[in-house]
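The values are calculated or read from the model by the stated rules, or taken from the named source; none is laboratory data. Fair warning: this is a prediction, and the values are worked out from it, not measured in the lab. Positions of Cβ are backbone-derived with ideal geometry, glycine not excepted, and every protein chain shown enters the neighbour counts.
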Amino acid sequence: MPPLLHVKFLRKFMRYLSWLFKIILFVLLLGFAIKNTETTVIHYFLGYEWQAPLVLILLIFFCAGAAIGIMASFGYILRQKRKMRLLERELRLKDEEGRQATQ
């Protein structure tokens, strides 16, 4: 099999494999949601309480945790982008100096 055809085959195979994985994950999560529909009570301070299906509570706390994780890493990402811009600027200046020196 020529290398180009081999790469195309692998890409197509990985695409199908990815869709199969997504479908299996969806079915498993759907089954989890269907099995955990009983009402759960969350007790807050000062006598407040909230009743909701267990799967909804888990989904809310999962999404809140993911959002907090993204916000926590946002400062680090911004620092890295700023550092990359500085390094690109230095590289561009050195490249221009090198071109001027060779002229």
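Against the condition modelled with pLDDT under 90 and not in a loop (DSSP other than H, G, I, E, B), how does Glu96 come out, does it pass?
Working: modelled with pLDDT under 90: yes; not in a loop (DSSP other than H, G, I, E, B): yes.
Spelling it out, Glu96 is indeed modelled with pLDDT under 90 and not in a loop (DSSP other than H, G, I, E, B).
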Problem set entry | Filter pass, Phe26 being surrounded by 10 or more Cβ atoms within 10 Å (Cβ to Cβ), without any contact (Cβ under 8 Å) to a residue 12 or more places away in the chain and part of a helix (DSSP H, G or I) | yes
Problem set entry | Residue selected from the range 40-72 under the condition hydroxyl-bearing (Ser, Thr, Tyr) and surrounded by fewer than 10 Cβ atoms within 10 Å (Cβ to Cβ), by the criterion nearest to the chain's Cα centre (by Cα) | Tyr44
Exercise. Is it the case that Lys83 is part of a helix (DSSP H, G or I), at pLDDT 95 or above and either within 35 Å of the chain's Cα centre (by Cα) or over 30 Å from Ala33 (Cα atoms) (or both)?
Worked result: yes
Seminar exercise, completed: Sole miss for Lys8 among (1) surrounded by fewer than 10 Cβ atoms within 10 Å (Cβ to Cβ); (2) over 23 Å from the mean Cα position of the chain (by Cα) is condition (1)
Exercise. Could you say which residue among Ala67, Ala52 is part of a strand (DSSP E or B), out of contact with any Gly (no Cβ under 6 Å at 6 or more places or on another chain) and at pLDDT 90 or above?
Worked result: Ala52
Exercise. Looking only at the range 35-49, which residues are touching a residue at least 12 places away in the same chain (Cβ under 8 Å) and in a strand (DSSP E or B)?
Worked result: Thr39, Thr40, Ile42
